[in-house]
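What follows is a short report on a single structure.
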Amino acid sequence: MPFQIVRNDITRMQVDAIVNAANSSLLGGGGVDGAIHAAAGPELRAECATLGGCDVGEAKITAAYRLPAKYVIHTVGPIWRGGGNGERELLTACYRNALALAEANGCETVAFPLISAGAYGYPESQAVAVAEETIRAYLMEHDLTVYLVLYGPTELPTRSRVLLEVLRYIGWARQAAAGAMPAPMAPPPAGTEDRPRRKREAEQAIRVEEAAREKARRQVYAAADEAMATPLMAAVEELLKRTDEGFSAALLRLIDERGMTDAQAYRRANVDRRLFSKIRSNPDYRPSKSTVFAFAVALRLTLPETEDLLRKAGFAFSDASKSDLVVKFFLERHLWDIDEINEVLYQFDLPLLGSL
Ligand code: AR6
């Protein structure tokens with residue numbers, strides 16, 4: 001998957017390059033810098049000593065010696081001085097320059113720690129936001145796989161305020177599956193009841209669902225009108241063609257219908273270019289369920305359209321699967337934001353959308 005947030009010790013990452021949050025001397029220090037030098041061995045410091053240091057926001061590359069990676073890219077993050085001293089621009093430059101240097105050296109997989117978020121004092125949630133935004137923007141133009149490696153108790157500050165709603169939704173679906181009378185939404189915790197707001201939200205959710213249903217209905221009517229207007233045999237042939245259509249053909253058709261390029265579609269879906277070429281060249285390609293979901297979000301499919309695409313890949317939504325419920329929650333509400341969905345999946349410790 002082109003971008004993934006993982007929890008790990010960066011010295012254990014098996015990637016082409018790991019990035020080090022160094023200081024401008026490049027001669028080692030504490031935190032992740034200390035861990036990388038300790039794991040790479042003294043040869044790393046010896047090579048670093050030949051580089052003449054590094055400015056804030058810049059990046060330099062060395063071999064990785066005893067680390068499982070091939071290279072270490074050293075970058076120097078800004079020291080947080082309240083946020084009004086160009087910290088954000090400098091931190092953005094760290095990620096961009098490190099990525100460009102990795103690519104210039106033929107790297108395909110890169111792992112970053114949360115630069116500046118330790119000794120240099122950058123507020124953690126803002127550091128994550130800068131890292132995510134900069135890496136994602138870069139990946140819209142380049143084919144790399146990038147990991148953001150969080151360490152220790154770092155809490156991923158989700159931008160998603162829907163997490164609570166997803167939890168309620170899952171609870172509700174579980175209750176419904178167990179045969180209990182489904183309450184559309186769990187009651188708010190005691191003392192926080194806000195009936196007018198909840199009523200508005202419920203009404204809004206109903207409106208959204210009705211609009212989606214109406215749209216699906218219109219599509220069916222339009223298809224029927226079209227079929228009536230065409231000679232019978234042609235209509236039957238077209239129908240048969242659609243029924244025979246496999247996942248690969250359906251996906252390519254949907255991309256065309258939406259006027260997207262292939263690259264836009266697979267990048268938005270957080271799907272690797274190589275995987276996409278496999279799908280493109282093999283009419284019988286069987287994707288994973290999460291790949292189907294990723295494309296459903298990238299192509300902004302409605303729930304019925306997603307169900308159709310899933311069927312073509314041999315799958316169906318299951319209310320017994322938490323991942324399915326999370327995706328369904330977003331698709332039902334037309335919230336086609338893969339990052340937001342992945343953040344919620346991450347919070348639940350579920351595999352993210354997209355595929356390696
Ligand atoms: N793997 C992944 N992340 C880690 C690891 C690890 N093994 N160890 C720490 N982190 P910091 P900075 C996280 O202080 O703020 C050094 O002394 C850590 O939890 O390492 O850029 C340098 O020499 C935090 O989220 O780097 C500089 O003088 C993040 O890595 C100075 O610190 C960055 O924390 C640089 O400060």
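General observations
Yes/no per residue for (1) in the same structural domain as Arg333 (by TED's automatic domain parsing); (2) more than 24 Å from Ala176 (Cα to Cα); (3) within 17 Å of the chain's Cα centre (by Cα); (4) surrounded by fewer than 21 Cβ atoms within 10 Å (Cβ to Cβ):
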| residue | (1), (2), (3), (4) |
| --- | --- |
| Asn270 | yes, yes, yes, no |
| Asp284 | yes, yes, no, yes |
| Ser288 | yes, yes, yes, yes |
| Phe295 | yes, yes, yes, no |
| Leu303 | yes, no, no, yes |
| Phe315 | yes, no, no, yes |
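- Filtered residue count, the range 323-356, keeping only those that are among the polar types (S, T, N, Q) and touching a strand residue (DSSP E or B) at 6+ places or on another chain (Cβ under 9 Å): 2
- Residue in the range 201-209 that is at pLDDT below 70 and more than 23 Å from Asn342 (Cα to Cα) present: no
- Test: residue in the range 19-37 that is of a type in the set (S, T, N, Q), crowded, with 20+ Cβ neighbours inside 10 Å and in contact with a Pro (Cβ under 8 Å, 6 or more places away or on another chain): yes
- Pick from the range 73-116, criterion more than 15 Å from the ligand (Cβ to nearest atom) and aliphatic (A, V, I, L, M), ranking: farthest from Glu132 (Cα to Cα): Ala104
- Residue list for the range 38-56, restricted to those being surrounded by fewer than 16 Cβ atoms within 10 Å (Cβ to Cβ) and among the β-branched types (Val, Ile, Thr): Thr50
- Ala59, sole failed condition from (1) buried (at least 21 other Cβ atoms within 10 Å of the Cβ); (2) free of Cβ contacts under 8 Å to residues at least 12 places away in the same chain: (2)
- Looking only at the range 31-72, residues that are outside any helix (DSSP H, G or I) and either within 16 Å of the ligand (Cβ to nearest atom) or within 33 Å of the chain's Cα centre (by Cα) (or both) come to 23 in all.
- When Gln4 is tested against (1) among the polar types (S, T, N, Q); (2) near the ligand (Cβ under 8 Å from one of its atoms); (3) in contact with a helix residue (DSSP H, G or I) (Cβ under 9 Å, 6 or more places away or on another chain), only condition (2) is not met.
- Checking each residue in the range 255-274 for being part of a helix (DSSP H, G or I) and closer than 16 Å to Ile338 by Cβ picks out Ile255, Ala263, Gln264, Ala265, Tyr266, Arg267, Arg268.
- Of all residues in the range 237-249, one or more are of a type in the set (A, V, I, L, M), at pLDDT 75 or above, farther than 24 Å from Asp339 by Cα and open to solvent by less than 60 Å² (accessible area, probe 1.4 Å).
- Restricting attention to the range 292-349, the residues that are under 30 Å from Asn8 (Cα atoms), among the polar types (S, T, N, Q) and outside any helix (DSSP H, G or I) add up to 1.
- Within the range 97-119, being open to solvent by less than 50 Å² (accessible area, probe 1.4 Å) and either over 21 Å from Ile5 (Cβ atoms) or among the small types (Gly, Ala, Ser) (or both) holds for Ala98, Ala100, Leu101, Ala102, Ala111, Ser116, Ala117.
- Summed over the range 7-30, residues that are closer than 21 Å to Cys107 by Cα, within 10 Å of the ligand (Cβ to nearest atom) and either free of Cβ contacts under 8 Å to residues at least 12 places away in the same chain or not in a strand (DSSP E or B) (or both) total 6.
The values are calculated or read from the model by the stated rules, or taken from the named source; none is laboratory data. Here the structure is a predicted model, which is why all the values come from computation and not from measurement. Virtual Cβ from ideal backbone geometry, glycine too; neighbours counted across all protein chains shown. Surface areas here come from the heavy atoms of the whole protein model, side chains and all, with no ligands, DNA or RNA. Shrake-Rupley method; radii C 1.70, N 1.55, O 1.52, S 1.80 Å.
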